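In what follows, a structure is listed as structure tokens, so that the remarks can point back to it.
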Amino acid sequence: VYGLLATPEPAGNPGAFDYRTYLERQGIRVILTARGKDVQVTGKGGVNLFLDAALKIKQKLSNTAAYSLTPAQAVILNGIIFGVQGTIDRETRRSFSETGLVHILSVSGLHVGLVLGGLIGLFRLLRLPPGLTAPLTTPVLIFYAVMTGLDPAVSRSTIMALLLVWANYLGRDRDWPTTLAVAALVILIWKPLQIYNPGFQLSFAATWGILYLGPVMAGACSGFFKGLPDKAAGAAAQGLAIPFAAQLATVPLVAWYYNLISPVSIIANLLAIPLVGLIMLLGVLATVLGLIWLPLAGLVNVGTGITLDLFMALTVFLQRLPGAVIYLATPPVLLAAAWYGGLLAGAKACTGGWSDEARRRLTGWAAVGLAFAMVLLLILWPWSGGHRLKVHFIDVGQGDSILVQTPGGRSMLIDTGGRPDEFQTGTGTGDQVVTPYLRRIGVNRIDALVLTHPHEDHCGGAAYLVDNFPVGLAVVSPVSGAAGEGAPVTAGKSEKIPVEYTALLKRMVAKDIPVRTASAGDTLRLEKNIDIEILSPEATATKPGLNNDSLVLKLTYGRRSFVFTGDIELEVQKELVGREADLEADILKMPHHGSRSLLPELVGQVKPEVAVITVGAHNTYGHPAPSTLDLLYQSGVRIYRTDQDGAVIMETEGNKLDVKTGKKTR
């Protein structure tokens, strides 16, 4: 293989998925980029026969299990039984995430427990001697773990299951803290960096919650079922306590990694787990019968398909309930520590672990502790911006997306970024970059969405955002109303408005989002003390190309001001300078990603202290141009680039300007 070796780029946006770190945890330091013709198959190296057999059998079994099911049903079935997730679509994955059922799509302790329970039930049905349970279940569990990928949750649950059956076989006491610790030790000796893996942390936290908090919660829940027989009341209390305990133990981690909590997750798990058990039973039965004769699998899968449809309908129903999911900013570490401390103290108090004197002291200090926790929450969690304005130049690659957060808590998003074909696919920057960024900092509403012009790298992500965030107002360039769908913008340069952009505007109108065109002289009022003026384009002006129809905005707060220039080229830059528009500002968002189409007089009239270039790493357009960089350097302007610095985050109270970058390069 021949190609270019490179170190993976670190994450550009704070808190974003860090591909470099992810690869390092797998022992990978560099990546090689090669073209197809630069790769030649020379033969096979050493093959792990056991792993090779496991993967081939997995492929065979997954094909057999899904025989006669629809593609959508087959994807869910293979996700549940074998942990195959690659073909699960975005909306399905989102439904499972928002209802707290995403663990069902990857093999976890639930699945290993069902396999172990099924094996024990089968052995009893066959009347095998109890002494054979451990020796017979061991190879099956190990093979299932290898076949499904040996991720942290599978490894943890398999080790604990093996220790459980062998402890029973050897007549040893069951000691879950030791078992849990041994599982962690084995995994971390094998792969030490797994401790940073979210799956590892969530799996161990949920298991700790079930085993430590579960009995306490079961005792507390037993009061709800007093009228039932003892066994039924105990089973019902356990059924309610287990998902509740698991959720309590994972709330800080889910909030940290996914910026959400799901109030419906407990009831979702209560209703879904029996269905998952039935789906696994039918799926395994279809697999066994299908290996004998495929049409037999088809007979079983009539029931499997109905159960899968019921399962999905339940998931979607729960997802659409009001308040089913709450998005929140990434919590501070101190708050997470306080949460777990509270769980430990509360469980100990409920089980009589505190002396009478300690309990009295705890009661006396409870109010003080609660007040202190609330103060911490209010100080550390970014509910509002105080008296400070924040401007985030988000790293979206080759494109623009700028978030403005006002002191009063309002949000204006200028452009949404966009990757090639995002208009058609609906996935890319909008769902993978901008939405996670907004969720991480606690933005759940866009008060003003400004789309500077119709190019995909500026508004390709807008469709996803308007579907997933309340939008108070959309502001667009007058070109949107001046030209019909597919019509040339100007006679000078025939460039059509993308049909998908027109469809986006219609989509916003259908959602009752006010869509307003803006032109030079208009103002936008988000809140008092913040002035936002539209400097370009003029309503009646026609310039060649969609870039020149970009909205140019000037934002002023106190003594600090920003100019956002979209992709305007030389014609509009000359026009702005010629009519002596009020361009002077402290921060200039460079036009058109720092291309060579830059008028020196524009920089001279703005007189920026800082210039920000939104540009993709290793782009093929030559952005930013050396001539542009030279001009800025000679003018004494401090330069920030999203390809090198990642996100550029500016904060000001109206006088002092603080700048932070996502890649911590300065």
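The values are calculated or read from the model by the stated rules, or taken from the named source; none is laboratory data. Everything numeric in this text was worked out from a predicted model, so none of it was measured. As a convention, Cβ positions derive from the backbone with ideal geometry for all residues, glycine included, and neighbour counts pool all protein chains shown. Note: accessible area is taken over every heavy atom of the protein model, side chains too, but ligands, DNA and RNA are not part of it. Shrake-Rupley method; radii C 1.70, N 1.55, O 1.52, S 1.80 Å.
Look at the range 538-570 and say how many of its residues are open to solvent by less than 10 Å² (accessible area, probe 1.4 Å), more than 22 Å from V610 (Cβ to Cβ) and either in a loop (DSSP other than H, G, I, E, B) or out of contact with any helix residue (DSSP H, G or I) (no Cβ under 9 Å at 6 or more places or on another chain) (or both).
2
Considering the range 167-185 alone, what residues qualify as being over 29 Å from the mean Cα position of the chain (by Cα) and either within 24 Å of L132 (Cα to Cα) or surrounded by 14 or more Cβ atoms within 10 Å (Cβ to Cβ) (or both)?
A167, N168, Y169, L170, G171, R172, D173, R174, D175, W176, T179, V182, listed by residue number.
Could you check the range 414-455 and list, in sequence order, the residues that are outside any loop (DSSP other than H, G, I, E, B) and of a type in the set (A, V, I, L, M)?
Taking the range 414-455 as the starting set, the residues that turn out to be outside any loop (DSSP other than H, G, I, E, B) are 414, 422-425, 429-440, 446, 448-451.
Within the range 414-455, I414, V433, V434, L438, I446, A448, L449, V450, L451 meet the criteria.
Would a scan of the range 611-630 turn up a residue that is aromatic (F, W, Y) and modelled with pLDDT of 95 or more? First the steps, then the outcome.
Restricting attention to the range 611-630, the residues satisfying the condition of being aromatic (F, W, Y) are 621.
Narrowing further to those that are modelled with pLDDT of 95 or more: none.
Looking for residues that are aromatic (F, W, Y) and modelled with pLDDT of 95 or more, one finds none in the range 611-630, hence no.
Considering each residue of the range 30-87, count those that are in contact (Cβ under 8 Å) with a residue 12 or more places away in the chain, under 30 Å from G3 (Cα atoms) and not aliphatic (A, V, I, L, M), and give that number.
The qualifying residues number 6.
Is it fair to say A255 is part of a helix (DSSP H, G or I) and out of contact with any Gly (no Cβ under 9 Å at 6 or more places or on another chain)?
yes
Take the residues of the range 1-44 that are farther than 20 Å from A647 by Cβ and among the basic types (K, R): which is surrounded by the most Cβ atoms within 10 Å (Cβ to Cβ)?
R25
How many residues, within the range 312-344, are outside any helix (DSSP H, G or I), open to solvent by 50 Å² or more (accessible area, probe 1.4 Å) and without any contact (Cβ under 8 Å) to a residue 60 or more places away in the chain?
Adding up the residues that qualify gives 3.
Give the residues of the range 584-613 that are over 10 Å from P624 (Cβ atoms) and surrounded by 21 or more Cβ atoms within 10 Å (Cβ to Cβ), sorted by residue number.
Within the range 584-613, A585, I587, L588, K589, P591, L602, V603, V606, P608, V612 meet the criteria.
Condition check ((1) closer than 12 Å to M412 by Cβ; (2) modelled with pLDDT under 95; (3) open to solvent by less than 30 Å² (accessible area, probe 1.4 Å)) across all residues:
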site: T435; (1), (2), (3): no, no, yes
site: I441; (1), (2), (3): no, yes, no
site: I446; (1), (2), (3): yes, no, yes
site: L449; (1), (2), (3): yes, no, yes
site: C459; (1), (2), (3): no, no, yes
site: V466; (1), (2), (3): no, no, yes
site: F469; (1), (2), (3): no, no, yes
site: L473; (1), (2), (3): yes, no, no
site: S477; (1), (2), (3): no, yes, yes
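Which residue is farthest from the chain's Cα centre (by Cα), if the candidates are limited to the range 566-581 and must be modelled with pLDDT of 90 or more and of a type in the set (A, V, I, L, M)?
Restricting to residues being modelled with pLDDT of 90 or more and of a type in the set (A, V, I, L, M), the top hit is V577.
Output the residues belonging to the range 614-634 that are open to solvent by less than 60 Å² (accessible area, probe 1.4 Å) and either aromatic (F, W, Y) or assigned to a loop (DSSP other than H, G, I, E, B) (or both).
Residues satisfying the conditions are T614, V615, G616, A617, N619, G622, H623, P624, A625.
For every residue, the table says whether it meets (1) closer than 30 Å to N197 by Cα; (2) open to solvent by 70 Å² or more (accessible area, probe 1.4 Å); (3) hydroxyl-bearing (S, T, Y).
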| residue | (1), (2), (3) |
| --- | --- |
| K231 | no, yes, no |
| A237 | no, no, no |
| A246 | yes, no, no |
| Y257 | yes, yes, yes |
| P263 | yes, yes, no |
| L270 | yes, no, no |
| L289 | no, no, no |
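Take the residues in the range 216-229 that are within 21 Å of G346 (Cβ to Cβ) and either among the aliphatic types (A, V, I, L, M) or in contact (Cβ under 8 Å) with a residue 24 or more places away in the chain (or both); name whichever of them is surrounded by the fewest Cβ atoms within 10 Å (Cβ to Cβ).
Of everything passing the filter in the range 216-229, G219 is surrounded by the fewest Cβ atoms within 10 Å (Cβ to Cβ).
Among the residues of the range 489-497, is there at least one that is among the hydroxyl-bearing types (S, T, Y), at pLDDT 95 or above and either touching a Leu at 6+ places or on another chain (Cβ under 6 Å) or open to solvent by 50 Å² or more (accessible area, probe 1.4 Å) (or both)?
Scanning the range 489-497, I find no residue that is among the hydroxyl-bearing types (S, T, Y), at pLDDT 95 or above and either touching a Leu at 6+ places or on another chain (Cβ under 6 Å) or open to solvent by 50 Å² or more (accessible area, probe 1.4 Å) (or both), so the answer is no.
Could you tell me how many of the residues in the range 98-125 are part of a helix (DSSP H, G or I) and farther than 17 Å from F200 by Cα?
Qualifying residue count for the region: 14.
Consider A297 carefully, then state whether it is part of a helix (DSSP H, G or I), more than 30 Å from K348 (Cα to Cα) and open to solvent by less than 40 Å² (accessible area, probe 1.4 Å).
yes
If you check L193 against the conditions, is it over 19 Å from L163 (Cβ atoms), without any contact (Cβ under 8 Å) to a residue 40 or more places away in the chain and open to solvent by 60 Å² or more (accessible area, probe 1.4 Å)?
No: the conditions fail for L193.
On the given criteria, is G83 buried (at least 16 other Cβ atoms within 10 Å of the Cβ), modelled with pLDDT under 90, of a type in the set (G, A, S) and closer than 30 Å to H618 by Cβ? Don't jump to the end; show me each part of the working.
Details: buried (at least 16 other Cβ atoms within 10 Å of the Cβ): yes; modelled with pLDDT under 90: yes; of a type in the set (G, A, S): yes; closer than 30 Å to H618 by Cβ: no.
No: the conditions fail for G83.
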